[in-house]
1. Using a 1.4 Å probe on the protein chains only, how many percent of the accessible area of the chain belongs to carbon and sulfur?
2. Could you tell me the distance between the Cα centroids of region 77-133 and region 1-21, to the nearest Å?
3. Among LEU72, LEU179, LEU199, which one shows the highest mean-square fluctuation when the chain is modelled as a Gaussian network with alpha-carbon springs under 10 Å?
4. Below 18 Å, Cα to Cα, which aspartates and glutamates can LYS156 reach? Residues fewer than 8 away in the same chain don't count.
5. As an exercise, find the ratio Rg/Rh for region 27-135 from alpha-carbon atoms, using the Kirkwood inverse-distance average for Rh.
6. Based on the Cα coordinates of region 114-237, what is the per residue volume of their convex hull in Å³?
7. How much length, in nm to one decimal, is gained on full extension between ASP96 and LEU199, taken as 0.36 nm per residue of separation minus their Cα-Cα distance?
8. Near LYS69, which lysines are there with a Cα under 22 Å away, not counting those fewer than 8 places off in the same chain?
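The values are calculated or read from the model by the stated rules, or taken from the named source; none is laboratory data. The structure displayed is predicted, hence computed values, not measured ones. Cβ sites come from the backbone with ideal geometry, for glycine too, and all protein chains shown count toward neighbours. Note: accessible area is taken over every heavy atom of the protein model, side chains too, but ligands, DNA and RNA are not part of it. Shrake-Rupley method; radii C 1.70, N 1.55, O 1.52, S 1.80 Å.
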Amino acid sequence: MIDKDSGLHIPEHVGIIMDGNGRWAKKRALPRSVGHKFGAQNFRKITRYISKTGVKVLTLYAFSTENWKRPLEEVSALMSLFKQYLVDSLTDFREDDIKVVFIGDKSAFDPKLRELIQESEEVAKDRKGMLLNIAMNYGSRDEILRAVKMIANDVKEHGLDPESITQNDIESRLYTAGLPDPDLIIRTGGEFRLSNFLLYQSAYSEFYSTETLWPDFHEEEFDKAIMEYNQRNRRFGGV
Ligand code: IPE
Ligand code: IPE
Ligand code: MG
C-alpha cells in the first residue's frame with residue numbers, strides 16, 4: 001500500500017475518469033446497469049483507499065453533461081444508483097473523515113437527488129480529511145461558459161473593467177475555485193481523451209490511461225498510476 005511514508009511523491013490533486021462500466025458488464029453478458037452497480041461499489045472502496053494515501057483532493061467524474069444522450073433506461077439506472085450510494089457512502093466516508101462536495105449543474109437532477117446531494121454536503125462540511133469532488137452533470141465547456149457569464153455580468157452590473165480581467169478571475173468562477181489544479185488525471189477503460197473533464201484545470205496535468213475497466217480498478221491499480229506519476233518529469237514549460 002502507498003502512503004505518506006512510502007517515499008513516493010503523492011499528487012496533491014488526482015482526477016479520475018471512471019470509464020468502462022458498460023464494457024465490464026458486456027464481457028460478462030450482463031446489462032450495462034450491472035456494470036454501473038459494480039462501478040459504484042468500486043467508487044466507494046477506492047475512495048476510502050485513496051483518502052489514506054495522502055492525496056488531498058480527489059475529483060471523480062461520475063456523469064457528464066453529455067451522458068444524458070444515453071437510453072433513458074440507463075440514465076434512470078444511474079440516477080437510482082447515485083441516490084442509493086449517496087446514502088450508503090455517508091457512513092463509510094464519515095469514518096474516513098472525507099469531505100464530499102458535488103461539482104456540476106445540479107439543477108438538472110430530480111428533487112430527491114438534489115436533496116440527498118445537499119444533505120451529504122451538509123453532514124460532511126466540517127470534515128478535515130480528503131476533499132472528494134464528485135463531478136455529476138459536469139462538463140468543462142459548461143463550466144467555462146458559466147464563468148464567462150458571471151464575468152460578463154460583473155462587467156455589466158458591477159463596473160468590472162474588461163482590461164483588468166485576469167486568469168484568477170476565471171479560476172475563481174470555476175467549480176474548482178480555490179483548489180490546486182489536478183496533478184494527475186487517471187482514465188480507466190483505455191481511451192486517451194478527456195471527454196470534457198477539467199479542460200481548463202488540466203493544462204499541466206499528467207495523464208495516465210489504463211486498459212483496466214473501472215469496476216476492476218483496485219488499490220494496486222491506483223498504486224501503479226502513482227509509481228508511473230513518480231517517473232514523470234514535469235517542466236511546466238520551463239527546462
Ligand atoms: C462510465 O462507464 C460510467 C459513466 C459514463 C456514467 P461507461 O458507461 O461509459 O462504460 P463504457 O465506456 O460504455 O464501457
Ligand atoms: C466519460 O466517459 C464520462 C464519465 C466517465 C462520467 P464517457 O464514456 O461518457 O466518454 P466517451 O463518450 O467515451 O468520450
Ligand atoms: Mg464510456
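1. Exposed carbon and sulfur together represent 51 percent of the surface.
2. 21
3. Evaluated over the chain, the most mobile residue of the options is LEU72.
4. Qualifying aspartates and glutamates at Cα under 18 Å: ASP169.
5. 0.97
6. It comes to 167 Å³ per residue, whole-number rounded.
7. 34.1 nm
8. LYS26, LYS37, LYS83, LYS106, LYS112
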